C-alpha cells in the first residue's frame with residue numbers, strides 16, 4: 001500500500017512542478033501507519049515541505065484526488081516564498097507553523113472530538129523562542145463538512161483557526177508550556193455559503209494585512225525576496241477573494257509600498273514600506289502584550305466569586 005501511495009503522490013506532485021525527494025514511515029497518534037513525504041520545488045529542491053498521509057488514503061475517490069491536486073498546486077506557489085512556513089495575523093504577529101502530526105486522531109479523554117497537535121512560533125527576525133503548542137479539536141458536526149481528516153483537507157482551516165484564536169488573545173506565546181486548545185466549531189463554517197469564515201474584513205484591513213505580510217515575510221524574514229500575495233489561505237482567513245487581494249496589492253504598489261515581481265502574483269517589500277519599521281514593531285509589541293494572561297488584582301484583597 002505504501003508503494004502505491006508513493007507512486008500516486010509522486011505523480012500528482014510532478015504535475016504541479018514538485019518532486020518527492022524523500023519519504024519515510026510514520027505513525028498516527030492513536031495507532032496506525034502514515035507515510036511522510038518530503039516534497040520540493042522541482043526548480044529549487046532546497047524549498048521543501050512535509051506532506052503526511054494515512055497509509056490507507058483513498059486516492060481512488062475523485063473528491064479526495066481533487067483535494068490533493070488543489071493542495072499541491074497551492075504548495076507549489078507557497079514554496080516559492082522565502083519562508084513558506086510563515087504567516088501573519090490581522091493583529092501583526094508573524095508566525096511559523098510546524099511539528100503537526102497528521103491526520104486527526106480521536107480524543108483519548110472520552111470527548112467526542114478529533115484532534116491534531118502542532119506548534120506555532122513567533123518569527124520576528126530574532127531567536128525563535130516564544131511558541132505555543134496547540135491541540136486543535138474538531139467537533140462531530142464540524143467533521144461532517146471535511147472530506148477527510150487528512151492534511152490536504154484540514155491544514156488551511158487549522159492554520160486560520162490558530163491565527164484567529166491567537167488574535168483573540170486565547171493563545172499564549174511562551175518559552176515552555178503545555179498544549180493549548182484551539183476549538184474548531186461550526187461558527188467557523190457557513191452551511192448556507194458552504195465555506196469557512198474567520199474574519200469579516202474591510203478593504204483597508206486587507207491592505208494593512210498585506211503590508212504587514214510583506215514587511216515581515218519579505219522584508220524581515222525573506223531578505224527582500226518576493227512573497228505570494230494571492231494566497232487562497234489568506235483569502236479564507238480574511239473572508240475575501242483572491243481578486244480582492246489582487247486589488248489590495250495593486251493599491252499598495254501604486255502607493256510605493258510593494259514592488260511587483262515578474263510573476264504578477266508575487267510582491268516584495270519596498271524600501272518605503274521598510275521605513276515603517278517602528279509602526280510594525282509597535283503593533284507586534286502591543287499584540288504580544290494583549291495576549292499575556294492578566295492577573296486579577298482584586299484577588300489580592302480576597303475578593304472572589306467562589
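The values are calculated or read from the model by the stated rules, or taken from the named source; none is laboratory data. Just so you know, these numbers come straight off a predicted model, no measurement behind them. Cβ placement follows ideal geometry from the backbone for every residue including glycine, while neighbour counts extend to all protein chains displayed.
Can you tell me which residues in segment 116-145 are assigned to a loop (DSSP other than H, G, I, E, B) and in contact with a strand residue (DSSP E or B) (Cβ under 7 Å, 6 or more places away or on another chain)?
Of everything in segment 116-145, those that are assigned to a loop (DSSP other than H, G, I, E, B) and in contact with a strand residue (DSSP E or B) (Cβ under 7 Å, 6 or more places away or on another chain) turn out to be 123, 124, 128, 130, 145.
Test residue 230 against the criterion of being out of contact with any strand residue (DSSP E or B) (no Cβ under 7 Å at 6 or more places or on another chain) and farther than 24 Å from residue 186 by Cβ, and give yes or no.
yes
Report the residue count in segment 258-290 for those that are surrounded by fewer than 18 Cβ atoms within 10 Å (Cβ to Cβ) and assigned to a loop (DSSP other than H, G, I, E, B).
Residues of segment 258-290 that are surrounded by fewer than 18 Cβ atoms within 10 Å (Cβ to Cβ), as a first pass: 260-264, 271-272, 274-279, 281-283, 285-286, 288-290.
Checking which are assigned to a loop (DSSP other than H, G, I, E, B) leaves us with 261-264, 275-276.
So the answer is 6.
So, residue 198, is that one part of a loop (DSSP other than H, G, I, E, B) and under 15 Å from the mean Cα position of the chain (by Cα) or not?
Working: part of a loop (DSSP other than H, G, I, E, B): yes; under 15 Å from the mean Cα position of the chain (by Cα): yes.
Taking the combined requirement at face value, the residue satisfies it.
Here's the yes/no breakdown for (1) at pLDDT 95 or above; (2) surrounded by 15 or more Cβ atoms within 10 Å (Cβ to Cβ); (3) assigned to a loop (DSSP other than H, G, I, E, B):
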| position | (1), (2), (3) |
| --- | --- |
| 187 | no, no, no |
| 213 | yes, yes, no |
| 230 | yes, yes, yes |
| 233 | yes, yes, no |
| 236 | yes, yes, no |
| 249 | yes, yes, no |
| 256 | yes, no, yes |
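Checking the condition more than 30 Å from residue 170 (Cβ to Cβ) and within 15 Å of the chain's Cα centre (by Cα), which residue from 50, 95, 72 passes?
None of the others qualify; the one that does is 72.
Give the number of residues within segment 98-113 that are surrounded by fewer than 16 Cβ atoms within 10 Å (Cβ to Cβ), in a loop (DSSP other than H, G, I, E, B) and under 16 Å from the mean Cα position of the chain (by Cα). If you could, list the steps in order and put the result at the bottom.
Filtering segment 98-113 for residues surrounded by fewer than 16 Cβ atoms within 10 Å (Cβ to Cβ) gives 98-99, 106-112.
Next, only the ones that are in a loop (DSSP other than H, G, I, E, B) stay: 99, 107-112.
With under 16 Å from the mean Cα position of the chain (by Cα) added as a condition, the list becomes 99.
Within segment 98-113, residues that are surrounded by fewer than 16 Cβ atoms within 10 Å (Cβ to Cβ), in a loop (DSSP other than H, G, I, E, B) and under 16 Å from the mean Cα position of the chain (by Cα) number 1.
Looking at (1) surrounded by 17 or more Cβ atoms within 10 Å (Cβ to Cβ); (2) within 22 Å of residue 227 (Cβ to Cβ); (3) at pLDDT below 95, find the lone condition where residue 126 falls short.
Tallying (1) surrounded by 17 or more Cβ atoms within 10 Å (Cβ to Cβ); (2) within 22 Å of residue 227 (Cβ to Cβ); (3) at pLDDT below 95, residue 126 fails exactly one: (1).
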